[in-house]
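Notes follow the structure.
A short reminder: the numbers here are calculations on the coordinates, not readings from a lab. Since the model is a prediction, treat every value here as computed from it, not as a measurement. Glycine gets a Cβ as well: all are built from the backbone with ideal geometry, and neighbour counts include every protein chain shown.
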Protein chains: 4
Amino acid sequence: MQTPVQDSLLIAGKSYRSRLLVGTGKYKDMAETRAAIEASGAEIVTVAIRRTNIGQNPGEPNLLDVIPPDRYTLLPNTAGCYTAEDAVRTCRLARELLDGHKLVKLEVLGDAKTLYPDVPATLKAAEILVKDGFDVMVYTSDDPIICKRLEEIGCVAVMPLAAPIGSGLGIQNRYNILTIVENARVPIIVDAGVGTASDAAIAMELGCHGVLMNTAIAEAKNPVLMASAMKKGVEAGREAFLAGRMPRRRFASASSPLDGVIA
Amino acid sequence: MQTPVQDSLLIAGKSYRSRLLVGTGKYKDMAETRAAIEASGAEIVTVAIRRTNIGQNPGEPNLLDVIPPDRYTLLPNTAGCYTAEDAVRTCRLARELLDGHKLVKLEVLGDAKTLYPDVPATLKAAEILVKDGFDVMVYTSDDPIICKRLEEIGCVAVMPLAAPIGSGLGIQNRYNILTIVENARVPIIVDAGVGTASDAAIAMELGCHGVLMNTAIAEAKNPVLMASAMKKGVEAGREAFLAGRMPRRRFASASSPLDGVIA
Amino acid sequence: MQTPVQDSLLIAGKSYRSRLLVGTGKYKDMAETRAAIEASGAEIVTVAIRRTNIGQNPGEPNLLDVIPPDRYTLLPNTAGCYTAEDAVRTCRLARELLDGHKLVKLEVLGDAKTLYPDVPATLKAAEILVKDGFDVMVYTSDDPIICKRLEEIGCVAVMPLAAPIGSGLGIQNRYNILTIVENARVPIIVDAGVGTASDAAIAMELGCHGVLMNTAIAEAKNPVLMASAMKKGVEAGREAFLAGRMPRRRFASASSPLDGVIA
Amino acid sequence: MQTPVQDSLLIAGKSYRSRLLVGTGKYKDMAETRAAIEASGAEIVTVAIRRTNIGQNPGEPNLLDVIPPDRYTLLPNTAGCYTAEDAVRTCRLARELLDGHKLVKLEVLGDAKTLYPDVPATLKAAEILVKDGFDVMVYTSDDPIICKRLEEIGCVAVMPLAAPIGSGLGIQNRYNILTIVENARVPIIVDAGVGTASDAAIAMELGCHGVLMNTAIAEAKNPVLMASAMKKGVEAGREAFLAGRMPRRRFASASSPLDGVIA
């Protein structure tokens, strides 16, 4: 009656036990980065190629010392790219630096304030990268039509935002996320906007296959403890989803279905 | 940097590692009851004295075989009582049946539809029971003034509802729960209305010291898996509370505090 | 097909066209008070007897010059009273000052921070005042059991809070307000916590019979324009309630009932 | 201190007193259509060219008899179009039927279930139509980047959805709508998803310049009364926005700013 052993997240043919994906930015130092990532239980760690040394600068501290590629699946991302061309170029650089590594997280930003995606440029870059043999996980808005289109292009995972990157506001449009999940045949991973453990649990309860976050852990007062909270939050939400929650109703006693009576 | 070992819940002088309290109603059979309670990790189990055989009916199945008192703290409750007198009498019966057991959960209901508490009768019963030497955990509405009054009377824990008993609606008034927690010097345990794991996490993130539930586990499609989800949800929320979440803000990039801009 | 002409609010045998009740505190000056109240269309105006001169101090500006009793129904209130005795005394003072005026708004506060009601003291004062011949409108928490009890005591209107006095947070617990309305045989008037016009509309859409507010108008940047907004918000909500809203559903196209799918 | 007389909505160089735009679908009959539109006070009425006879079928009832073009601004829309080409063709047909009428509402749908827009096709059609001399009001998702792009293309108004067409769910992502409004130099008109009067008020309180709806009026039990409610809801929200609402805070008494404490 427990979670089946085989409840794993499958991305690009590889199976993961953890459904929490984490970033590496905003930590105090490498030691804290390492400890938080370890506490999170994450197996996939995303790295901003334009901001992080993974070998480009030989004399400097290398993140790969903290996140050894034999232990973690590295997910190079294109944070900071504002055009399809830049994003494609960045992915190719990552592939070179990482000896042919195909898995990337594509993000093409629309502006520097909201950090919302530029959806048309994202579609364009996704097409190029998929044709070029990349396994593309893709950050996008929570628009169900666009998410389906990205799946059809051949992305291996679609990653709608919950709220603006770095906002910590939690899922703003649950109906959109739910619709995206219902339509999907590839993993849907909520990316951006999660602020605390219950936000992660809610994403999973909606049926999402995973959650990616960075700020919510790195900017907590105690990042390592928050990483542990997030690990449990994701697992709690996944198990609640699989367990099948009780129906909402106004009262226990009567036949009192909600029928959207309030919201 | 992990949760301190000593993060325990202290009720009536006894220390508990688990902050999830569970009931025993609505399960399919005794085996499911036992498995779900075990998966929940609960150490305190509440029992409706008027509906459950804990020895009153010698020839019938006895719940204490499933919840052995040497392993669990039994919490006899007065579910089904609509007057202070009835509730007091029921507590005394429980004390007799359980050889002087002092810990009880008081609930005096206001009506059979909402199962909301009758607050004046609850206050009255609490006074009598405290004077009579009981350790009273008390179900009440989410009114901060009443919660404080119940603490002043001498209750060992105050248990405001999140939403109607058996509704699964989650916390309806977060500000009230937050105010109750801020005012309290005894444990605040959200009782009633939790529907899924994220609801439990939210309660803990608001600073509650525990969560009590029954229907949300027993009426899940897979109660045992939901019990595990709830265990993790409570732990996730507790750790997130202790870790200190990042601030909510509209965007990462700018100085963009919320100031209650939306809600 | 329009609002029936006879859609009036009946309180203590008197009929009102306006369902917006307003206070008189926090305005810049008497001229602004007068202009805002006029723009609100209110016919019932509540006055804090302990803070306002309605004749107690003969040499000072008298609010009754701004709110002439031949045009408005004055509603003396017991703001600032923390005991049943004080509240009763204040009502009697008001009755004397206003030549036998029977209509009062009872509030007995529980503490100075939250300004939440002291429910037991409120019940006690309500009983005394009703027996003493007052027509009692009563401020209380949003507890459905207590609201019903106040009606049974003989109060002519029950006034649950939406959120703390002066908070502007809007209705925190819509299910409670809905339950209170469904149970009631006297007018239910949301009192306290409304912050903007949509909050007032929501209260009315839940079936409330009126809304009382002060801060939301007086502390708007333009109080007179906000008073007009509130008038329209209350009317909009009332008409929407009477018109019978469309059902919520996930999509137009399909049979897609909500069944509490999200919240 | 009242709403300035000149608070008008300016679209494509024409000024409107009403900020409520309505559709013509789903009514019982022409008489109800006429009565509801009249009660709404709308000056702009949108018509689905592919579903409505505005002269294409000479022998049949003509909607223009109910909505005389000398009294209303007709807004032909492309409801039912799933490609840019179809939408462009439909706009051109409307221009012919209406003697060179330039104002259109563009919608290119992404699928028949959600009725969400196809954003890339919408961008493409908007470019063609603007170049072809149309005044384009455009239905889109609530993505701030796309809304800005549509403005830059030259659309005269941008119309983000609040929730799926015909859902009545109200605004799902208030932060997005707020961001869209803050970024905009053309009118932002919430289109789709409004269910009741308070939803309309909320849209206006966020700073939107107008609201367009159809189902919420036509599928109310009493459409004419709901039309009046919506008129007042839009006005209430607009006035509340202009008046400048009080700040949200936890309590009146203390310095208790919210700082996003709950949500």
*Would you list the membrane-span-like helices of chain B, meaning whole DSSP H runs whose alpha-carbon atoms span at least 27 Å along their axis and whose mean Kyte-Doolittle value is at least -1.0?*
B:223-243
_Footprinting exposure proxy for B:143, C:65 (fewest neighbouring C-beta atoms within 10 Å first)_ = C:65, B:143
*Would you mind checking D:28/D:113; C:28/C:148; A:113/D:102; B:113/D:232; A:113/C:231 for any pair whose Cα atoms are more than 27 angstrom apart?*
C:28/C:148; A:113/D:102; B:113/D:232; A:113/C:231
*Report, in whole Å, the centroid distance computed from the Cα atoms of segment D:37-109 and segment C:165-181.*
42 Å
*Straight-line reach from residue D:26: which aspartates and glutamates have Cα under 14 Å away, leaving out those fewer than 8 places along the same chain?*
D:219
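In the calculated pair distance distribution of segment B:64-142, what percentage of Cα-Cα distances lie above 18 Å? Intermediate values should be presented prior to the final figure.
Working: 1156 of 3081 pairs.
Pairs farther apart than 18 Å: 38 percent.
Just the projected area, averaged over all directions, of the convex hull on the alpha carbon atoms of segment D:1-142: how many nm²? Working shown, then result.
On the way: hull surface 40.2 nm².
Taking the Cα atoms of segment D:1-142, their convex hull projects to 10.0 nm² on average.
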*Debye log10 I(q)/I(0) for segment B:121-251, one point scatterer per Cα, at q = 0.15, 0.18 Å⁻¹*: -0.71, -0.95
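Which value, in Å to one decimal place, does the Kirkwood hydrodynamic radius take for chain B when every pair of different Cα atoms is included?
Numbers: mean 1/r = 0.0532 Å⁻¹.
About 18.8 Å, per the Kirkwood formula over Cα pairs.
Fewest Cβ neighbours within 10 Å first, please rank B:228, D:15 accordingly. Each step should come with its number before you reach the end.
Values: B:228 27, D:15 10.
Ascending number of Cβ neighbours within 10 Å: D:15, B:228.
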*If you build the Cα gyration tensor of the protein assembly as shown and take the root of 5 times each eigenvalue, what three semi-axes come out, in whole angstrom, biggest first?*
46, 43, 25
*Considering the rotational relationship between chains B and C, which residue of chain B contributes the beta-carbon of minimal distance to the axis, and what is that distance to the nearest Å?*
B:173, 2
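Would you kindly state the longest site-free stretch of chain A, with sites defined as trypsin sites (Lys or Arg not before Pro) in a DSSP loop (not H, G, I, E, B) surrounded by at most 16 other Cβ atoms within 10 Å? Walk me through the numbers before you get to the answer.
Details: sites that count: A:17, A:26, A:28, A:50, A:51, A:71, A:102, A:185, A:221.
Counting only loop sites that pass the neighbour cut-off, the longest clear stretch is A:103-184.
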*Most fluctuating residue of A:184, A:94, A:197 in a GNM of chain A with Cα springs under 10 Å: which is it?*
A:184
_Quick check on the exposure proxy: order B:106, D:178, C:103 from fewest to most C-beta atoms within 10 angstrom._
D:178, C:103, B:106
*asked:* Test of understanding: extend the Cα→C-beta vector of residue C:182 to 7 Å, then name every residue of segment B:111-147 with backbone N under 13 Å from that spot.
replied: B:112-116
*Cut-off 18 Å, label 7 Å out along Cα→Cβ of residue A:12, residues of segment A:83-101 by amide N*: A:87-101
*asked:* Give me the dipole magnitude in Debye, nearest 20, for the protein assembly as shown about the Cα centre, with unit charges on the beta carbon: positive for Lys and Arg, negative for Asp and Glu.
replied: 0 debye
*Would you calculate, for the protein assembly as shown, the mean residue ellipticity at 222 nm contributed by helices, counting each DSSP H stretch of 4 or more residues as -39,500 (n - 2.57) and dividing by all residues, to the nearest 500?*
-10500 deg cm²/dmol
